[in-house]
Amino acid sequence: MAYSHGLLQPLHSTLIFPKPIISFRLIHFSSSLKPFLSKRHNLSKSLTLPCALTESDSSKPLDTSSKSALLLQLSKCFDLPSDYFQQLPADLRLDLNDAAFDLSNGPIIHECGQELGETLLNLSRAWEQADTSASRSLVAKLPELETSLTDGARSAFGRRLISAGKRFQGMGQYGQGDLQKIAKTMITIGEVLSASTSSVSVSTESKSETRMFKFGDLQVAVSPQKAYAGAAIAFVYGILSWQISQGIQNIPESSLQYANDNATLLGQSLRGSLLALFYASTVLSGFTTAGLLLLAKQLSSEKE
């Protein structure tokens, strides 16, 4: 019995001895976990901060406080490769021609002044010819010309930029989105320039606008007097065409002599072609006369 008690005594001591070791290891593990958690928390902070800075930089709006700064931004938008416009698809080239027409349509010299008007005319020709380098150099001149504009010229310039910018906006996303950048900047500048003048001056200028018809590089201003003169010319031309057609028709075929049957067929076909031509000229002259008379009355009523 004493022997068995002696055997149990060391066994009891061995069971008690590992307790400090187990508790010590747990304490050591929990203390080593704290630096890891703190490092992970700091790492998450450092990752979220640059993302917030990047998002705030990308959503910066255009600075509309200075008109010259906006025009400088527009010149940067036109800093494109020298063959950019030439590489556009056919439908986008047509939209570019429409933008050129909207930019230079109407009495541009009278509205925008001599220097700015000529610059815009040259810029529209550069767009029609898809000359990227020329358009870039011409747009770079606009910040210098804007400072010397009157309120009326500045408003007319803004309206033209808005109209042309909407044409660029209709081109959609092409390439790296350069056309949309141009459209956004042009529309913003146009709105700023148009807002700088009073609504009274804008309405007065819109009433005094003259209708313009453009045939390639040729621009023709249409007034009521010119419309009436054109109607008179078309009426006289219609009368002459009618008289010629009646003269040809009144010639009896029996009075004409031909060398052979081939000549007879040729003469008859030529007579029919001339009759059709002059009859068609008479009808077209009648429609032209009526259209010009209606246009003249419309222009007269708009002026009143």
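Worth a mention:
- Count of the range 253-293 residues which are part of a loop (DSSP other than H, G, I, E, B) and of a type in the set (Gly, Ala, Ser): 1
- The selection criterion, being over 26 Å from ASP151 (Cα atoms), at pLDDT 90 or above and among the aromatic types (Phe, Trp, Tyr), holds for PHE85.
- Just one of (1) under 24 Å from HIS110 (Cβ atoms); (2) more than 15 Å from the chain's Cα centre (by Cα) fails for GLN129. It is (1).
- When ALA234 is tested against (1) in contact with a Leu (Cβ under 9 Å, 6 or more places away or on another chain); (2) farther than 23 Å from LYS76 by Cα; (3) at pLDDT below 90, only condition (3) is not met.
- Residue in the range 193-216 that is outside any loop (DSSP other than H, G, I, E, B), surrounded by 17 or more Cβ atoms within 10 Å (Cβ to Cβ), modelled with pLDDT of 75 or more and assigned by TED's automatic domain parsing to the domain that holds GLU128 present: yes
- Residue in the range 103-124 that is farther than 22 Å from LEU193 by Cα and either of a type in the set (Asp, Glu) or at pLDDT 90 or above (or both) present: no
The values are calculated or read from the model by the stated rules, or taken from the named source; none is laboratory data. What you are looking at is a predicted structure, and each value in this text was computed from that prediction instead of being measured. Ideal geometry is used to build each Cβ from the backbone, glycine not excepted, and the neighbour counts take in all protein chains shown.
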